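Trainee: Dumping the structure here so I can ask a few things about it.
The values are calculated or read from the model by the stated rules, or taken from the named source; none is laboratory data. Everything quoted here is computed from the prediction, not taken from an experiment. Neighbour counts are summed over all protein chains in view; Cβ atoms, including those assigned to glycine, are modelled from backbone coordinates with ideal geometry.
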Amino acid sequence: MADKQFEFTEELTQAPDAIFLDKSNFVIDPSQIILETSDRHKLTFNLIQWLAESPNRTIKSQRKQAIANTIGVSTRQVERLLKQYHDDKLSESAGVQRSDKGKHRVSEDWQEFIKAIYEESLKNKHPISPASIVREVKRHAIVDLKLKPGDYPHQATVYRILDPLIAQHKQKTKVRNPGSGSWMTLVTRDGQLLKADFSNQIIQCDHTKLDIRIVDSNGNLLSDRPWLTTIVDTYSSCIVGFRLWIKQPGSTEVALALRHAILPKNYPEDYQLNKVWEICGTPFQYFFTDGGKDFRSKHLKAIGKKLGFQCELRDRPPEGGIVERIFKTINTQVLKDLPGYTGSNVQERPKNAEKEACLTIQDIDKILASFFCDIYNHEPYPKDPRETRFERWFTGMGRKLPEPLDERELDICLMKEAQRVVQAHGSIQFENLIYRGESLKAYRGEFVTLRYDPDHILTLYIYSCETNDNGEEFLGYAHAVNMDTHDLSVEELKALNKERSQARKEHFNYDALLALGKRKELVEERKEDKKEKRRSEQKRLRSASKKTSNVVELRKSRANVSSKKDDKLELLPERVSREEIQLQKIELQPEVSGQVDTQEQERHKLVLPNRKQHLKKIW
């Protein structure tokens with residue numbers, strides 16, 4: 001291999017290097033990047049992740065070629081690895097996973113038979129051993145089905161089918177429900193046990209659709225109920241943060257709710273909070289959620305990587321009992337007495353919920369903020385009523401409040417981002433708008449990273465893309481030109497751009513049709529002029545060629561000669577009547593028969609000369 005490539009030797013395995021792979025790293029040669037480990041699979045995973053985080057196509061193409069030279073494969077293979085990475089098929093520890101991983105080659109009937117035996121034993125409170133199940137499979141195959149050895153599952157296959165069932169049964173009997181006991185244990189989808197020993201160690205997040213109808217600012221009933229996102233501390237069950245939404249939240253909404261939970265809460269005076277909401281801080285180790293698409297997004301994983309926590313998915317719904325129980329508490333203690341409450345039970349749902357609805361989403365936000373801050377977080381902790389939830393959280397934090405993070409650091413992690421090139425006069429073009437910042441004039445022609453709040457798109461946060469020990473550097477703000485008195489969200493701006501594009505397209509089509517008609521008229525006019533000129537020129541040429549010809553004089557002289565003749569013109573005979581024809585026949589009867597025959601022959605010859613072959617057809 002070339003000098004840039006890494007050789008996986010025993011010495012390298014014994015002395016792994018440290019790694020730094022960042023999407024802001026614009027170094028093209030991977031050999032200049034400090035690598036995290038010498039493990040081949042992990043190295044490949046990190047390099048492909050570094051490729052996926054390329055800011056633009058040029059750097060992506062350069063990184064692709066560098067990675068191909070590093071691990072000794074073709075660029076096409078690197079593209080396949082990148083596709084497997086995007087499809088979550090590229091593992092950090094085992095490389096590319098097989099498509100049939102976790103599946104057994106035996107028929108489904110045998111699998112169901114083996115599982116049925118074990119589950120039946122669990123129902124009878126007497127779990128059967130794997131060896132006994134192997135003997136039962138062998139007896140059923142030979143005695144009942146009359147099969148020969150080799151036609152039924154091998155004992156190793158039976159053990160592989162039973163292993164996850166036995167492990168799941170042991171886990172249920174060993175792990176306690178997180179809603180009971182003095183300590184909390186959660187089970188991840190990978191089978192890992194997470195024990196909450198202090199506050200902010202394990203933060204849980206979930207969504208729900210509130211059972212209440214709301215109206216907009218004009219008093220019109222909204223078609224959908226509001227969504228609530230809650231951030232809960234597992235150790236103390238305190239509400240760390242929350243957010244309300246009109247539509248179903250995604251990864252961006254989860255990030256903004258997490259931002260609200262991390263920062264100190266500073267509500268305006270019209271919220272009328274009686275106590276200070278001091279619960280805040282980043283997750284120290286885990287961000288525990290269900291398996292929804294918004295929680296499995298790369299955006300959330302990137303946030304965890306930068307803030308220092310790990311995203312984990314829960315194994316079963318009961319593992320999220322703490323965060324799920326809050327939703328029921330909100331319905332029974334807060335929303336039940338409000339106008340527009342629909343109820344969670346369809347049979348007991350109020351009939352006039354839509355007519356009575358009069359609260360806006362801002363009103364619901366004020367009500368929930370007051371409930372969480374003044375009541376819920378200061379209620380007695382259910383498992384130890386001697387202290388409140390807040391007191392337990394404060395004790396779990398070492399009896400001191402966490403240091404607040406800089407909002408600029410959270411902007412790097414929790415806001416959407418894009419890469420652009422700084423143009424003249426410190427200008428940046430983004431979403432069909434021109435942004436300008438005085439601090440960007442010195443970075444003309446360089447790539448910068450844009451981060452923005454989806455609800456306030458007219459102001460961008462500009463960061464450098466250079467790699468250094470301090471990470472990305474905050475360069476300043478960029479504001480939309482001539483939009484100082486406006487405030488737009490990303491969705492509103494995209495809707496305006498769509499309408500503008502459609503109007504421009506329609507206008508362009510109309511003008512194009514008018515121009516097309518004018519062009520056709522002009523072309524047809526020029527074609528007729530060309531034909532007319534061609535005809536006149538052809539006539540002139542013909543006239544010029546006739547000057548030496550005497551055809552006209554000959555025609556005139558011949559006309560004069562024919563006019564001097566006295567010969568009478570032969571006129572056509574008058575029409576003969578039928579009576580005259582009969583009289584002519586009578587006069588011809590005395591003639592000799594021989595003469596008649598001769599006349600008939602002459603008449604036939606005159607009428608049909610030289611056409612004897614057609615006489616039969618005519619007569």
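Trainee: Out of all the residues in segment 64-80, is one or more surrounded by fewer than 16 Cβ atoms within 10 Å (Cβ to Cβ), under 24 Å from PHE447 (Cα atoms), at pLDDT 85 or above and assigned by TED's automatic domain parsing to the domain that holds HIS41? First the steps, then the outcome.
Mentor: Looking only at segment 64-80, we keep the residues that are surrounded by fewer than 16 Cβ atoms within 10 Å (Cβ to Cβ), and these are 65, 72-77, 79-80.
Of the ones still in play, those that are also under 24 Å from PHE447 (Cα atoms) are 65.
Right, trim to at pLDDT 85 or above and you get 65.
Retained after the next criterion (residues that are assigned by TED's automatic domain parsing to the domain that holds HIS41): 65.
Yes, the conditions are met somewhere in segment 64-80.
Trainee: Tell me, please, whether a residue that is part of a loop (DSSP other than H, G, I, E, B), touching a strand residue (DSSP E or B) at 6+ places or on another chain (Cβ under 9 Å) and within 22 Å of GLY292 (Cα to Cα) can be found in segment 249-264. Break it down into steps so the answer makes sense when it comes.
Mentor: Residues of segment 249-264 that are part of a loop (DSSP other than H, G, I, E, B), as a first pass: 249-250, 263-264.
The next check asks that each one be touching a strand residue (DSSP E or B) at 6+ places or on another chain (Cβ under 9 Å); those that pass are 249, 263.
Adding the requirement that they be within 22 Å of GLY292 (Cα to Cα) leaves 249.
Taking every residue of segment 249-264 in turn, at least one turns out to be part of a loop (DSSP other than H, G, I, E, B), touching a strand residue (DSSP E or B) at 6+ places or on another chain (Cβ under 9 Å) and within 22 Å of GLY292 (Cα to Cα).
Trainee: Regarding GLN310, is this residue in the same structural domain as LYS209 (by TED's automatic domain parsing), within 18 Å of GLY191 (Cα to Cα), in contact with a helix residue (DSSP H, G or I) (Cβ under 9 Å, 6 or more places away or on another chain) and not small (Gly, Ala, Ser)?
Mentor: Working: in the same structural domain as LYS209 (by TED's automatic domain parsing): yes; within 18 Å of GLY191 (Cα to Cα): yes; in contact with a helix residue (DSSP H, G or I) (Cβ under 9 Å, 6 or more places away or on another chain): yes; not small (Gly, Ala, Ser): yes.
Spelling it out, GLN310 is indeed in the same structural domain as LYS209 (by TED's automatic domain parsing), within 18 Å of GLY191 (Cα to Cα), in contact with a helix residue (DSSP H, G or I) (Cβ under 9 Å, 6 or more places away or on another chain) and not small (Gly, Ala, Ser).
Trainee: If you don't mind, another one. Given the structure, is GLY281 assigned to a loop (DSSP other than H, G, I, E, B) and surrounded by 18 or more Cβ atoms within 10 Å (Cβ to Cβ)? Lay out the reasoning, then the answer.
Mentor: Numbers: assigned to a loop (DSSP other than H, G, I, E, B): yes; surrounded by 18 or more Cβ atoms within 10 Å (Cβ to Cβ): yes.
In short, yes.
Trainee: Select from segment 510-549 the residues that are surrounded by 10 or more Cβ atoms within 10 Å (Cβ to Cβ) and of a type in the set (S, T, N, Q) and write down the one among them that is modelled with the highest pLDDT.
Mentor: SER536
Trainee: Mind listing whichever residues of segment 192-238 are farther than 21 Å from ASP337 by Cα, in contact (Cβ under 8 Å) with a residue 12 or more places away in the chain and out of contact with any helix residue (DSSP H, G or I) (no Cβ under 7 Å at 6 or more places or on another chain)?
Mentor: Listed by number, the residues that qualify are GLN192, LEU193, LEU194, LYS195, ALA196, ASP197, ASN200, GLN201, ILE202, ILE203, HIS207, SER217.
Trainee: Answer yes if at least one residue in segment 261-278 is surrounded by 14 or more Cβ atoms within 10 Å (Cβ to Cβ) and free of Cβ contacts under 8 Å to residues at least 24 places away in the same chain, and no otherwise.
Mentor: There is no residue in segment 261-278 that is surrounded by 14 or more Cβ atoms within 10 Å (Cβ to Cβ) and free of Cβ contacts under 8 Å to residues at least 24 places away in the same chain.
Trainee: If VAL175 passes every condition in (1) among the hydrophobic types (A, V, I, L, M, F, W, C); (2) modelled with pLDDT of 85 or more; (3) in contact with a Ser or Thr (Cβ under 8 Å, 6 or more places away or on another chain) but one, which one does it miss?
Mentor: Evaluating VAL175 over (1) among the hydrophobic types (A, V, I, L, M, F, W, C); (2) modelled with pLDDT of 85 or more; (3) in contact with a Ser or Thr (Cβ under 8 Å, 6 or more places away or on another chain) leaves (2) as the failure.
Trainee: Is there a residue in segment 396-410 that is in a loop (DSSP other than H, G, I, E, B), modelled with pLDDT under 85 and acidic (Asp, Glu)? Step through it out loud before you land on a result.
Mentor: Just the residues of segment 396-410 that are in a loop (DSSP other than H, G, I, E, B), to begin with: 397-406.
Checking the rest, the ones that are also modelled with pLDDT under 85 come to 404-406.
Those left that are additionally acidic (Asp, Glu): 406.
Within segment 396-410, one or more residues are in a loop (DSSP other than H, G, I, E, B), modelled with pLDDT under 85 and acidic (Asp, Glu).
Trainee: Please go through (1) out of contact with any helix residue (DSSP H, G or I) (no Cβ under 8 Å at 6 or more places or on another chain); (2) buried (at least 21 other Cβ atoms within 10 Å of the Cβ); (3) farther than 14 Å from CYS205 by Cβ for TYR286 and return the number of the only condition it doesn't satisfy.
Mentor: TYR286 satisfies every listed condition except (3).
Trainee: Give the residues of segment 193-237 that are under 26 Å from the mean Cα position of the chain (by Cα) and either within 14 Å of LYS247 (Cα to Cα) or of a type in the set (A, V, I, L, M, F, W, C) (or both), sorted by residue number.
Mentor: Of the residues in segment 193-237, the ones under 26 Å from the mean Cα position of the chain (by Cα) are 205-209, 223-230.
Answer for segment 193-237, where residues must be under 26 Å from the mean Cα position of the chain (by Cα) and either within 14 Å of LYS247 (Cα to Cα) or of a type in the set (A, V, I, L, M, F, W, C) (or both): CYS205, HIS207, THR208, LYS209, SER223, ASP224, ARG225, PRO226, TRP227, LEU228, THR229.
Trainee: State whether the residues of segment 470-490 include one that is touching a Cys at 6+ places or on another chain (Cβ under 9 Å) and modelled with pLDDT under 85. Write out each step before concluding.
Mentor: Of the residues in segment 470-490, the ones touching a Cys at 6+ places or on another chain (Cβ under 9 Å) are 472.
Then keep just the ones that are modelled with pLDDT under 85; that gives 472.
The answer is yes; a qualifying residue exists.
Trainee: A further question follows. Does segment 357-378 contain at least one residue that is in a loop (DSSP other than H, G, I, E, B), at pLDDT 85 or above, of a type in the set (Gly, Ala, Ser) and in contact with a helix residue (DSSP H, G or I) (Cβ under 6 Å, 6 or more places away or on another chain)? Can you show your working first?
Mentor: The initial filter retains those residues of segment 357-378 that are in a loop (DSSP other than H, G, I, E, B), namely 357-360.
Imposing the further condition that a residue be at pLDDT 85 or above reduces the set to 357-360.
Remaining after also requiring of a type in the set (Gly, Ala, Ser): 357.
In the following step, the residues that additionally are in contact with a helix residue (DSSP H, G or I) (Cβ under 6 Å, 6 or more places away or on another chain) were identified as none.
No, there is no match, as no residue in segment 357-378 is in a loop (DSSP other than H, G, I, E, B), at pLDDT 85 or above, of a type in the set (Gly, Ala, Ser) and in contact with a helix residue (DSSP H, G or I) (Cβ under 6 Å, 6 or more places away or on another chain).
Trainee: Determine which single condition ILE303 fails, assuming it passes every other condition in (1) in contact with a helix residue (DSSP H, G or I) (Cβ under 7 Å, 6 or more places away or on another chain); (2) within 26 Å of ARG451 (Cα to Cα); (3) surrounded by fewer than 19 Cβ atoms within 10 Å (Cβ to Cβ).
Mentor: Exception for ILE303: condition (3).
Trainee: Criterion first (without any contact (Cβ under 8 Å) to a residue 12 or more places away in the chain and either touching a strand residue (DSSP E or B) at 6+ places or on another chain (Cβ under 8 Å) or outside any strand (DSSP E or B) (or both)) does THR332 satisfy it? Don't jump to the end; show me each part of the working.
Mentor: Details: without any contact (Cβ under 8 Å) to a residue 12 or more places away in the chain: yes; either touching a strand residue (DSSP E or B) at 6+ places or on another chain (Cβ under 8 Å) or outside any strand (DSSP E or B) (or both): yes.
It is true that THR332 is without any contact (Cβ under 8 Å) to a residue 12 or more places away in the chain and either touching a strand residue (DSSP E or B) at 6+ places or on another chain (Cβ under 8 Å) or outside any strand (DSSP E or B) (or both).
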